[in-house]
1. I'd like the orientation of helix 59-86 relative to the chain: the angle between its Cα long axis and the longest Cα principal axis, in ° from 0 to 90, rounded to 10.
2. Say a paramagnetic label sat at a point 7 Å from the Cα of R92, along Cα to Cβ; which residues of the range 111-149 have their backbone N under 11 Å from it?
3. Taking amide H positions as placed 1.01 Å from N in the peptide plane, with prolines and chain starts having none, which residues 5 or more places from E218, or on another chain, fall under 5 Å of its amide H?
4. Name the residues whose placed amide hydrogens come within less than 5 Å of the amide hydrogen of G259, ignoring near sequence neighbours (fewer than 5 apart) on the same chain.
5. For S245 and V82, compute 0.36 nm times the residue count separating them, minus their Cα-Cα distance, and round to one decimal in nm.
6. Run the accessible area of the chain with a 1.4 Å probe and give the carbon-and-sulfur part as a rounded percent.
7. Please compute the length gained on full extension between S31 and R116, using 0.36 nm multiplied by the number of residues separating them and subtracting their Cα-Cα distance.
8. Roughly speaking, what is the centre-to-centre gap between the range 280-303 and the range 235-254 when only Cα atoms are used, to the nearest Å?
Amino acid sequence: MQLQQLAYFVAVADARHFTRAAELSHVSQPSLSQQIRALERELGAELFHRSRSGTALTDAGEALLPLARRILADADSARRAVAETVQLRRGRVRFGAPPSLCASLVPQVLRAYRARHPGVDLRLTEGGSGDLVRDLEAGQLDLALVIAPATAPPAPLDVTPLLHEDLVLVSATPLPRRARITDLRGQDLVMFREGYDVRESTLAACRAAGFEPSYAVEGGEMDAVLAAVRAGLGPAVVPGMVAASSGLPATPFAPPGLGRTIALAHGRDLPLTHAAAAFHATLLAYLREADRTDTLPPGTRLLR
């Protein structure tokens, strides 16, 4: 059973005349009649009473007509849905980012994308880079900003470095112009929970300097860490973009400094949807424009 056959059937049912239905369908009458006969053979029943006085539906034709109309309507809806998705009047983007970026860079990118494509459904997942990579591998995300690892990315993913971001020291009290990693020796730090790349970077830097850091409190998410610093529990190492909007006194580390690479990741084997590809382009355009106008957050620089 073909959609075109059903369309011819409905045309004849509405016109009650084969020749008139053929004219309205812009097809020759013999071709239309041939398709109707093929449909009747497949269904095993005559659909029309044919006579010189006109054409009328049989009982089988009466039963088929509402179903045929529904099938054709659904097919038309499917065509429109696909066309609207391709033209970005609708669609979906599943995007992930770490909490530090969700509180700084991501809202501006979402705003820029929403302004261009208001009909696209945006779904944001906030999580650590490890969790986001697993979601990408499982096909639960289209794109994610992640902290690029020092080792090669997982084989199923395409990871493109975008930004370098400085890590800085924040405290409830004024800080020196420049901090050194060794300044953290003997201080009780406010420390993120396991799974945060900032925690791993801080621990690695301290150990490279020959000591293990001590904690006033550990295990917090981004908001909890900043609140603990504001309460005077101790300093914390945080991303520069977070520090810039925290209102806390902040200082960078002396050269070579402490930083991280922010990358855009997506599945390598599956092509991006039109909506996700447009989001990818919007993100890159936003970063290039911010770099051109020198409006990137302090302590960040574009890598490409």
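1. Computed tilt is about 30 degrees.
2. Those under the cut-off are 121-123, 140-142.
3. Under 5 Å from the amide H of E218 lie the amide H atoms of M191, each far enough along the sequence or on another chain.
4. L167
5. Computed gain between S245 and V82 is 54.5 nm.
6. Reported share for carbon and sulfur atoms: 51 percent.
7. Working it through step by step, the gained length comes to 26.0 nm.
8. 20
The values are calculated or read from the model by the stated rules, or taken from the named source; none is laboratory data. Note that the structure is predicted; figures quoted are calculated from it, not measured. Backbone-built Cβ (ideal geometry, glycine too); neighbour counts: all protein chains shown. In case anyone asks, the SASA skips ligands and DNA or RNA and just uses the protein heavy atoms, side chains included. Shrake-Rupley method; radii C 1.70, N 1.55, O 1.52, S 1.80 Å.
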